[in-house]
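Presented below is the structure to which this report refers.
The values are calculated or read from the model by the stated rules, or taken from the named source; none is laboratory data. These numbers were taken from a predicted model, which means no experiment stands behind them. Note that we place each Cβ from the backbone using ideal geometry, even for glycine, and neighbour counts take in every protein chain shown. To get the accessible areas, we keep the full protein, side chains included, count just its heavy atoms, and leave off ligands, DNA and RNA. Shrake-Rupley method; radii C 1.70, N 1.55, O 1.52, S 1.80 Å.
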Amino acid sequence: MPTALVLDVDGVLCPASGFSPFGATIEVGVALRPVHVPLPLCAALADLAGSPDVTPVWLTSWLPRTRRAMRPPFPGPEWEQIEPEPGDGWPKWSALNAWLARHPEITRLAWVDDDLADRAPRYTEELADRGLDALLISPATDHGMTPDHLAHLTHWLTQDL
């Protein structure tokens with residue numbers, strides 16, 4: 001089943017505190033300040049993005065050239081980016097809806113964004129109403145994704161492979 005893996009950068013891959021539950025982080029470039037990411041998380045996300053029927057996309061305020069300037073192990077320099085756009089409500093939600101309208105083949109959606117917290121229940125319901133099976137994960141901005149988040153995402157993405 002065609003699945004979109006939609007990721008934010010800050011607060012997901014790059015913990016705001018600089019400390020990750022995955023342990024040590026490494027510097028992969030500069031975007032206003034040095035960017036630190038946990039190697040195990042980056043490697044796992046790159047592996048998941050390579051799974052059959054998974055389409056990885058960025059939904060972030062980072063400019064594509066900023067992401068492409070990051071050094072490995074930062075994942076997905078070539079992944080498509082959905083640009084946040086004005087609309088009704090949250091710009092990322094408007095942009096995702098427009099992208100999904102252009103990609104009717106997508107039947108499942110995993111979205112990881114630290115800004116989803118209060119929005120996740122409503123958006124999960126709206127995505128289900130559109131016929132999409134959705135998993136929304138909102139990590140704490142200070143720590144980004146945790147091993148538990150990654151395990152849940154991995155299980156959900158690979159359950160039908």
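Inclusion of residue 90 among residues that are open to solvent by less than 10 Å² (accessible area, probe 1.4 Å) and either of a type outside the set (Ser, Thr, Tyr) or in contact with a Phe, Trp or Tyr (Cβ under 7 Å, 6 or more places away or on another chain) (or both) is not warranted. Those strands (runs of 3 or more DSSP E) of the range 1-64 in which 1 or more residues are closer than 16 Å to residue 82 by Cβ and modelled with pLDDT under 95 are absent. Filtering the range 1-40 to residues that are free of Cβ contacts under 8 Å to residues at least 12 places away in the same chain and either open to solvent by less than 70 Å² (accessible area, probe 1.4 Å) or in contact with a Phe, Trp or Tyr (Cβ under 9 Å, 6 or more places away or on another chain) (or both) leaves only 34. When 71, 65, 122 are checked against the criterion of being free of Cβ contacts under 8 Å to residues at least 12 places away in the same chain and within 20 Å of residue 33 (Cβ to Cβ), 65 stands alone in meeting it.
Consider the range 74-87 and keep the residues that are open to solvent by 70 Å² or more (accessible area, probe 1.4 Å) and within 15 Å of the chain's Cα centre (by Cα). The one that is nearest to residue 2 (Cα to Cα) is 80. What about residue 144, is it in contact with a strand residue (DSSP E or B) (Cβ under 9 Å, 6 or more places away or on another chain), at positive phi and not hydroxyl-bearing (Ser, Thr, Tyr)? Yes; evaluated as a whole, the condition is true for this residue. Of the residues that sit in the range 41-73 and are more than 24 Å from residue 117 (Cβ to Cβ) and charged (D, E, K, R), which one is least open to solvent (accessible area, probe 1.4 Å)? Residue satisfying both the conditions and the ranking: 53.
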